[in-house]
1. When Rg is the radius of gyration of the Cα atoms in the chain and Rh is its Kirkwood radius, what does Rg/Rh come to?
2. Rounded, prolate or oblate: which one fits region 296-348, using the alpha carbon gyration tensor with axes a ≥ b ≥ c (rounded when a/c is under 1.5, else prolate when a/b beats b/c, else oblate)?
3. Using the Cβ atoms and a cut-off under 15 Å, what net charge is assigned to the surroundings of MET234, where Lys and Arg are +1 and Asp and Glu are -1?
4. Of all alpha-carbon pairs in region 89-171, indicate the percentage at a distance above 19 angstrom.
5. Where does the Debye-calculated log10 I(q)/I(0) of region 87-244 sit at q = 0.12, 0.19 Å⁻¹, using only Cα point scatterers of equal weight, no solvent?
6. Write down the percent of antiparallel bridges among all DSSP beta bridges whose residues are both part of the chain, to the nearest 5.
7. Charges at C-beta only: +1 for Lys and Arg, -1 for Asp and Glu. How large is the resulting dipole of the chain about its Cα centre, in Debye rounded to 20?
8. Share of region 127-257's accessible area from carbon and sulfur, percent, 1.4 Å?
Amino acid sequence: MARSTPSFSLQRTLAVRFSLTMFVALLGLALWGYLGVRNTLLKQLDRSLESTARLQVDNLVAHGSLAAHKSVVLNHFIEEVNRFVATRDSAGRILTSNTALAHDLPLETIAFQKSRVGRRTLITQQWHGHGFRSIYLPVPPMGRTEAAVLQVGASLIPLEASLNTVLLQMVGTALLVTLTTAVGAGWLAASAVAPVRRITAQARAITGEVTGQRITAHADVSEFHGLIEVLNAMVARLERASHWHRRIIRDLGHDLRTPITAMRAGVEVALWSERSPDDYRRILASTLEEIDRLSLICDALVLLGRLQAGEVTLDLAEIDARVLGREAVAGAQEGVGAHPVSLVQPAEPVLIRADVRLMRMVLDQVLDNARRYTPPGSRVEVTVGAEGREAMLTIEDNGPGVTDEVLPHLFEPFYRSDTARAREGGPGLGLTATASIVTLHGGTVVAKRGSEGGLRVTVTLPRVDRARGSRPEGSGSAALQ
C-alpha cells in the first residue's frame, strides 16, 4: 500500500510562523527592557546608598553616634526604612548600628579592605536568603569612637519585587500582542491563499469535456500571472493530447475497419459458390493487399511510437543527397506509371550525414502521399539543392493541393482532410513519422502551396560542407525523367 504524502496547511503555517517570529521579537524586546529597568533601578539604589552613607558619616563625625530605629521586625523595617547602617572597627567587627537587626550584617572582606585605604566600594551579597546591596565608606579618625568603616546596606527584596512585576507585565504584553498578531496573521494568510483556492477551484472545474476552458481567476495579478500562464499552457497541452487520443481511436478504428471489411467481403464471395482458380487467386491477392495495408498500419504505429519515445538510434553515414533523390525517384517510377516523376539536381554533390534507410523512408512516404492525393497524370518533381549550410530535398506536385486550413496539420498523427477521406489513403501516420525522422536528424520539414497550386514539401537537413567535396551552392542542374 503506497504511503500518502503528509499535507500541511500553508495558511496555518504562515500564521504560526509569523506569530512565533513576533513573539520571539517581543520577548527579546521585553528582556532588553527588563535588563534596562534593572540597571536603572540599581544605579538609583547605589546613588541613594551613597547619599545615605555620606550623611551618616557626617552625623557620626558631628555627634559620635548613629540615629537608632526601634523596629525589631525585619520585613517591616525593610518596607519602611530599608537602610541598615553599621560602623566597624579596624578588624571588621560591628561597633554600633541604627537597628538591632543589623548586628549580623554580612562583611565583604575585599570591599572592607578597599574602604580602609579610602576607596568607596559597592558590593552585592546574600543576607537572609535575599540579595543585599552594601556600600563601604571610610570614617575619618576621631578620638570619641573606634569606628574605621561605615557600612550602609539595603535589601534588594523591594527592587526584586518591582522587577518581577515589570517582567510579568512585559511578558503578558508580549503574549497579548502575539495573540492579536496570530489573529491578524491568520486573516492575512487567509487573504494571501484565497486566490490559490479560487485558482484550484477553477482548475478542478476543467474536466476536458468542454474545450477551451481556461483559468481566469486573478490572471491580472502579477504574482499569479506566471502560475496561471503555466497552468493554462498545461491545460492546452492536455486538451490537445486528449483530442489527439480521441482522434487516434476514431481514425484507427476507421483505418482498421476498411481492410477488414474488404477481406471479409472477399472471403464471403469465395464461400458463396464454387470459383475458378483464377477467381480464388484474385480474391487471395486482394486479401493479401489488405493484409499488407494492416501491416502498414501496425508498422507505422510501432515506428511512430519508437520515434516519439526516443528509442530509434540513427545509423549515420555520409551520403550525397542526389543519390537519395535518384533512388527515390527510380522506386517511384517503377511502382507508379500514372504519375510521371522527375528529378532536378545540381551538378555538384550535396553531402549530408543521415540514416540512409530512414531518409529513404521519408522520401518514399512523401512521394507516396503525392501519388495518393493527386489525380492520375499529375506530375511530381523531386528537387535536390543546397543553400549555405543546408541541404534541401523538395517534392512538389501539380495536383489540387490542400487548403490553407489543412497545411498546418499535415504532420499531425492520423490527420487527413475530409476530401482525403473519400479517396484512397493510408493510416494517416506516414507524414507524422516523416516529421519525427527529419527532426531526429536535426532538420525541418515544411509543407506549402506549390507554384502550380499543388503541394510542396521541403525537407531541410544540415549539410556536410567540405572544400574538396562540395561548394556552398550548386552551379548547375540536370533532370532525370
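The values are calculated or read from the model by the stated rules, or taken from the named source; none is laboratory data. This is a predicted model, so every value here is computed, not measured. Using ideal geometry, Cβ is built from the backbone for each residue, glycine included, and neighbour counts are taken over all protein chains shown. Side chains are part of the model used for accessible areas, which takes the heavy atoms of the whole protein and leaves out ligands, DNA and RNA. Shrake-Rupley method; radii C 1.70, N 1.55, O 1.52, S 1.80 Å.
1. 1.54
2. Taking the square roots of the gyration eigenvalues as a ≥ b ≥ c, region 296-348 is oblate.
3. +2
4. Counting every Cα pair in region 89-171, those more than 19 Å apart make up 45 percent.
5. -0.74, -1.11
6. Working: 53 of 57 bridges.
Of those bridges, close to 95 percent are antiparallel.
7. Its charge dipole is roughly 2480 debye.
8. In region 127-257, the share of accessible area belonging to carbon and sulfur is 65 percent.
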